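Everything on this sheet refers to the single structure shown next.
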Amino acid sequence: MSFENILKKYFDRTCTEIEFVKKTYAALKELGFNDENSIAATCICRDEISQTLRSIIKHMWGEAFNLSSLAGMFFAGKTGLAAAMHHAPIENGKERYVFYALPHIAIDTEGHIGICRRSGREGESVACGALNAFQKEMASGRVNITMDNEDVEQSLIRMRLLREIPYGHVPDLLELTRITQTAIQADLENTIKKVVNIEKSDYAVITGIQIHEADGNYIWPAACYAIVNGEKISLKV
Ligand SMILES: [Zn+2]
C-alpha cells in the first residue's frame with residue numbers, strides 16, 4: 001500500500017506537517033496574526049520524533065513557548081498558560097497567542113498502527129510510547145490509578161484519560177489517540193477560558209494528530225480556529 005492509501009485508511013484527510021503549519025500561518029495572517037506580533041505555544045509529546053513540528057513552528061512563528069508533557073497532554077495548567085501569555089508581544093494594546101496542541105501516532109509501511117523505526121536502533125519502536133504503555137495496561141485488566149511520584153506524567157495520563165473511556169472498554173491505540181486529542185483540546189480550552197482575557201487578546205487553537213509515516217510526518221487536522229475580538233472564526237486547513 002502507498003503511504004497515501006495507508007493514511008486514508010485511518011484518517012479522512014491529512015497534509016504534511018510543513019503544509020499544516022504554512023496553512024495555519026497563512027490563515028492566521030489574514031486575521032492579524034504574524035511572527036512579530038504573536039507568540040506560539042506548543043503542546044506535543046516529548047518524543048524526539050515529534051519535535052520536527054516544533055522546528056517548523058519555530059521557523060514560521062519564532063521560538064515557541066513549551067507547554068508539552070508526555071503524550072502531548074496539557075498538564076502545564078493555569079500557571080503554564082499564564083506564563084506563555086505574559087511573554088506575548090503587545091501591539092496596540094493587543095496580545096496574540098497561537099496554541100498548537102497535538103498527540104501523535106506512528107503507522108508503518110504495512111499500515112500497522114503505533115509502529116515506527118528509529119535511526120541507530122534495530123527492530124521496531126512504538127509511538128506514542130506513553131499511550132501504548134497505558135493501552136497495554138488497560139488490555140491486561142490492571143491499571144494503577146494512584147499517583148506515582150516517581151512517574152508523575154504517566155500517572156496523570158491514566159487519571160485524565162480514564163475519565164473519557166467507558167468503564168470496561170479497552171480502546172486500541174488509534175482510538176486512544178483520538179480520545180487523547182479531544183482531552184487535550186478540552187483541557188486547553190477550559191484553561192484558556194479561565195486565564196485569557198478576550199478583551200485584550202486574540203488567540204488561535206490548532207489541534208489534530210501528528211502521524212509518523214516512513215517518509216515523514218503528517219497531520220490530521222481537528223479543531224482549528226481563532227478568536228478575534230471575541231468572535232470565533234474557523235481556519236481553512
Ligand atoms: Zn509520545
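Each value in this text was obtained by applying a stated rule to the coordinates, not by laboratory testing. All values derive from a computational prediction rather than experimental measurement. Here Cβ is always computed from backbone atoms with ideal geometry, including for glycine, and neighbour counts include all displayed protein chains.
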How high is the relative contact order of the chain, given as a whole-number percent (alpha carbon pairs under 8 Å, six or more residues apart)? 25
Can you give the direction-averaged projected area of the convex hull of the alpha-carbon atoms in the range 183-237, in nm²? 4.4
Relative to the longest principal Cα axis of the chain, at what angle does helix 129-140 sit, 0 to 90 degrees, rounded to 10? 50
Only loop residues by DSSP count here, and only those with at most 12 other Cβ atoms within 10 Å; note down the GluC sites (Glu not before Pro) in the range 54-154 that meet that. Glu63, Glu110, Glu122, Glu150
If you line up the Cα atoms of the chain on their principal axes, what length do they span on each, largest first, in Å? 55, 42, 32
Within 13 Å, Cβ to Cβ, of Ser155, how many net charges do the neighbouring residues add up to if Lys/Arg are +1 and Asp/Glu are -1? -3
Per the Cα gyration tensor, the range 91-130 corresponds to an equivalent ellipsoid with semi-axes, largest first in Å, of 37, 12, 8
Using only the alpha-carbon atoms, what does the range 18-121 span along each of its principal axes? Please give whole angstrom values in decreasing order. 52, 30, 21
Rounded to the nearest 5, the percent of antiparallel DSSP beta bridges in the range 28-106 equals 20
Note on the range 44-98: contact order normalised by length, alpha-carbon pairs under 8 Å, 6 or more apart, percent, works out to 29
Please pull out the direction-averaged projected area of the range 142-234, using the convex hull of its alpha-carbon atoms, in nm² to one decimal place. 8.7
Relative packing of peptides 161-168, 18-25, 188-195, 51-58 - highest average C-beta neighbours within 10 Å first: 18-25, 51-58, 188-195, 161-168
Measure nothing but the geometry: give the 0 to 90° angle between the long axis through the Cα atoms of 51-61 and the longest principal axis through the Cα atoms of the chain, rounded to 10°. 10
For the chain, set up a GNM with springs between Cα atoms under 10 Å and report which of His59, His104, His212 has the largest fluctuation. His59
Give me the distance in nm between label points sitting 7 Å out from Cα along the Cα-to-Cβ direction at Glu48 and Val170, one decimal. 3.2
